[in-house]
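One structure below.
The values are calculated or read from the model by the stated rules, or taken from the named source; none is laboratory data. Only a predicted model underlies this, so the values are computations on that prediction, with no experimental measurement involved. With ideal geometry, Cβ positions are generated from the backbone for all residues, glycine too; neighbour counts draw on all protein chains shown. These area figures cover heavy atoms from the full protein model, side chains too; ligands, DNA and RNA do not enter into them. Shrake-Rupley method; radii C 1.70, N 1.55, O 1.52, S 1.80 Å.
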Amino acid sequence: MADTIRILVTLAEHADPRLVEQALEGDPSLEVIGYADYFDDWHEFLEQPADLVIVACSADDTSATHMVDRAVKHRPDRPVVVMTESSPNGFLRQAFEAGADDVITLPQPPSEVAFTLQKVIARRKGLSMPGRASAPLIAVLGPKGGTGKTLIATNLAVALAQRDANVVLVDLDLQFGDIGLALGLSPERTMYDLMKAGPPFDHEKLDRHLIRHSSGVKVLIAPTRPDQASAVSIEFLRDIYASLRTMCDAVIVDTPPGFTPEVIATIDVSTEICMVGMLDSLSLKNTKLGLETLDLMGYDGDHVALVLNRADSRVGITPDDVSTIISRSPDVAVPSDREIPRSINEGTPIVAARPSSGAAKAFRALADRYAKKPASKPAPPPTSPSGVRSLIGRRR
Ligand SMILES: Nc1ncnc2c1ncn2[C@@H]1O[C@H](COP(=O)(O)OP(=O)(O)O)[C@@H](O)[C@H]1O
Ligand SMILES: [Mg+2]
């Protein structure tokens with residue numbers, strides 16, 4: 001039997017104590033050692049030796065995020081879970097940003113609540129870093145179609161999964177997403193289904209909408225029809241990113257060509273960028289433009305990796321030319337390999353299908369970059385809701 005979880009419950013201003021009691025009383029693994037409300041002496045209350053703090057609140061309760069923040073700061077090593085009757089748009093993101101480990105929507109039977117709380121505690125035990133775990137979000141960008149973004153996103157995801165990382169891969173190519181194809185997954189559930197299911201986008205709901213690849217990578221598949229793509233909103237993306245980042249070790253986002261509003265919103269919350277270019281002068285010119293755009297958005301160059309795909313193509317451009325055109329040298333060079341189209345057709349990325357190939361080695365070198373990074377580097381500061389203002393001259 002699982003260990004007993006000792007719980008402190010703090011009730012925000014308009015929380016319904018009956019609903020909370022119903023959710024926590026009746027399961028032998030849950031022991032509530034104290035309730036406090038907004039006006040009690042919090043310091044003393046939070047000093048008690050509990051395994052977990054619950055912040056109970058009603059919808060659009062502004063005091064809730066403040067309470068989460070205080071509970072997290074009081075003891076960063078102790079998980080904090082929000083319980084709410086409903087969560088209006090954006091509430092979940094605020095809760096996660098304040099440091100919540102998970103959000104539970106009431107009513108729920110105590111056995112399910114117990115299961116969720118056990119998972120939260122287990123997840124914390126599996127992490128070496130105290131405080132809220134916030135996984136890196138790696139955006140794979142490229143100014144043109146066909147440069148190898150999807151190839152690199154899928155292989156990077158699998159290379160990290162081969163090191164036992166829990167990876168979520170998001171297909172943000174909303175119109176023509178092909179990650180499902182590249183990994184041989186059928187689109188049983190897609191990002192559109194998740195959006196239709198509606199908030200709150202808690203871990204349980206997200207998990208139900210992710211499709212598992214044999215490598216262990218979990219995929220949020222792009223909508224299957226273009227009309228569904230237009231339904232995906234920026235607000236929705238921000239909510240799911242915030243939630244995904246607290247449930248895995250790395251979130252990788254494959255993007256469509258160019259700086260669409262969705263891509264800009266993703267860059268705004270990403271901690272790492274992987275810019276993909278190819279060895280022809282048009283692609284390099286666009287890559288340079290892309291790098292300059294990131295600079296204008298205030299993106300720190302240390303967090304931008306430059307990947308040169310098909311780096312061995314004999315097209316009359318030398319590595320020196322590349323460095324001259326884009327004013328920096330590539331961090332990783334991926335060779336052309338005839339096995340790559342074959343691996344895509346078979347749904348097994350080359351890093352798994354041909355681990356000894358030069359391309360697989362390049363993807364592992366790219367994975368090294370992220371495997372060594374600390375788990376919770378802060379994201380760049382958020383910009384305006386559309387993210388578009390970030391393009392005009394903000395520098396950090
Ligand atoms: N290094 C490579 N070697 C061989 N073929 C490649 C390589 N990179 C890309 N390709 C081919 O180009 C196609 C387009 O790549 P893809 O990753 O889908 O580009 P993007 O996502 O940028 O549009 C792939 O399906 C693959 O067949
Ligand atoms: Mg693609």
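Summary of computed values
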read-out: Pairwise centroid distance, computed over Cα atoms, of region 9-33 with region 41-60, Å; value: 11 Å
read-out: Region 165-255 - Rg (one decimal) and Dmax (whole number), Cα, Å; value: 11.8, 34
read-out: Percent carbon-and-sulfur accessible area, the chain, ignoring ligands, DNA and RNA, probe 1.4 Å; value: 52 percent
read-out: Where N is the number of residues in the chain, Cα Rg divided by 2.2 N^0.38 Å; value: 1.05
read-out: Where region 212-366 is the region considered: accessible area per residue in Å², 1.4 Å probe; value: 40 Å²
read-out: Under 12 Å from Lys218, Cα to Cα: aspartates and glutamates that are on another chain or at least 8 residues apart; value: Asp171, Asp207, Asp249
read-out: Using alpha-carbon coordinates, inclination of helix 62-74 to the longest axis of the chain, degrees; value: 80 degrees
read-out: Loop trypsin sites (Lys or Arg not before Pro), region 305-348, which have at most 11 other Cβ atoms in a 10 Å radius of their Cβ (DSSP); value: Arg314, Arg338
read-out: Projected label distance in nm at Phe115 and Asn166, using a 7 Å step from Cα toward the beta-carbon; value: 1.6 nm
read-out: Accessible area of Asp249 in the full protein assembly, 1.4 Å probe (Å², nearest 10); value: 70 Å²
read-out: Approximate spin-label separation Glu188-Val32, in nm, with each point projected 7 Å along Cα-to-Cβ; value: 3.7 nm
read-out: Å² per residue, accessible surface of region 1-158 at 1.4 Å; value: 42 Å²
read-out: Stretch gain in nm, segment Arg225-Phe176, where the contour uses 0.36 nm per residue and the Cα spacing is subtracted; value: 16.8 nm
read-out: Linear extension gain, Asp40 paired with Arg6, 0.36 nm per residue minus alpha-carbon span; value: 10.3 nm
read-out: Region 1-152: projected area of the alpha-carbon convex hull, averaged over directions, in nm²; value: 11.3 nm²
read-out: Out-of-range pairs (alpha-carbon distance over 29 Å; input Lys196/Lys285; Lys125/Lys205; Lys196/Lys361; Lys73/Lys125; Lys125/Lys149); value: Lys196/Lys285; Lys196/Lys361; Lys125/Lys149
read-out: Asp60 versus Glu235: modelled label distance in nm, points set 7 Å from Cα along the beta carbon direction; value: 1.1 nm
